[in-house]
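The values are calculated or read from the model by the stated rules, or taken from the named source; none is laboratory data. Bear in mind that the values here come from a model prediction, so they are computed numbers and not experimental data. Surface areas here come from the heavy atoms of the whole protein model, side chains and all, with no ligands, DNA or RNA. Shrake-Rupley method; radii C 1.70, N 1.55, O 1.52, S 1.80 Å.
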Amino acid sequence: MNSRTSALFALLPARVTLPLVALVSVMVSSSLTADLPDLDTIRRWLRRLQELIVLGGVGLAVALSMVFIGAWVLSHLRTAKADEQERIEWMSKLALFVSFVPVALTVVAAAGMFIPMLRPLMLKMFVYAAAGAGISWLVSIAALIVGGGKEELARTRRALLLAGTPFYCLAVWIARFLVLGF
């Protein structure tokens, strides 16, 4: 619009411009709604989109679970140090202690299924548990690299399996949305 046209609309009284604006808006809205699909089609699209998002979430949780299980499997390639070599016992104990944090947060998240007061916190607890699992995985891998005797390696392997608990449970929790529907 140039300045002459906008000045023309400014000079028109409200009783003229309001019906013009209403007429233009009706014409525009009717041309837009003529091509829209019905509500059942939109519902099917939304349901399919939700299913794809759920499948992606399940896939991601399963992939991360496989990272933890794969690290545990590969940890069996590590041999124990001889008894006369220096042992670093505290590292494996720290790894095991840190791995209980994601397990506890996962228990709190799972309790949300049964305690309605915790239900709004479920997803947040899963996020905290996943972050804790990542930290626990790093500490466990560091303890695995440091090594130790048979007891230390067993503790570290247990810590690796426990640290993956949020992802095992998250895969099951998200997958139930596929079974139960939306």
## Note on the structure
Yeah, the range 42-180 with a ≥ b ≥ c from its alpha-carbon gyration tensor (a/c under 1.5 is rounded, else prolate when a/b outruns b/c, oblate otherwise) is prolate
### Task
Quick one: accessible surface of Ile145, probe radius 1.4 Å, all protein chains present, in square angstrom to the nearest 10.
130
### Query
What ³J(HN,Hα) values, in whole Hz, does the Karplus curve 6.51 cos²θ - 1.76 cosθ + 1.60 give for the range 106-119 when θ = phi - 60°, with x put for Gly and Pro?
5, 5, 5, 5, 5, 5, x, 6, 10, 10, x, 5, 8, 4
### Task
Find the centroid of the Cα atoms in the range 132-158 and in the range 45-106, then give the distance between the two in whole Å.
11
#### Entry: Exposure ranking of Val139, Val127 by accessible area [1.4 Å probe, largest first]
Val127, Val139
### Query
For Lys81, which lysines qualify as cross-link partners when the Cα separation must be under 26 Å and same-chain residues fewer than eight apart are set aside?
Lys93, Lys150
### Query
So what is the relative contact order for the range 42-180, in percent, with contacts set as C-alpha pairs under 8 Å and at least six apart?
40
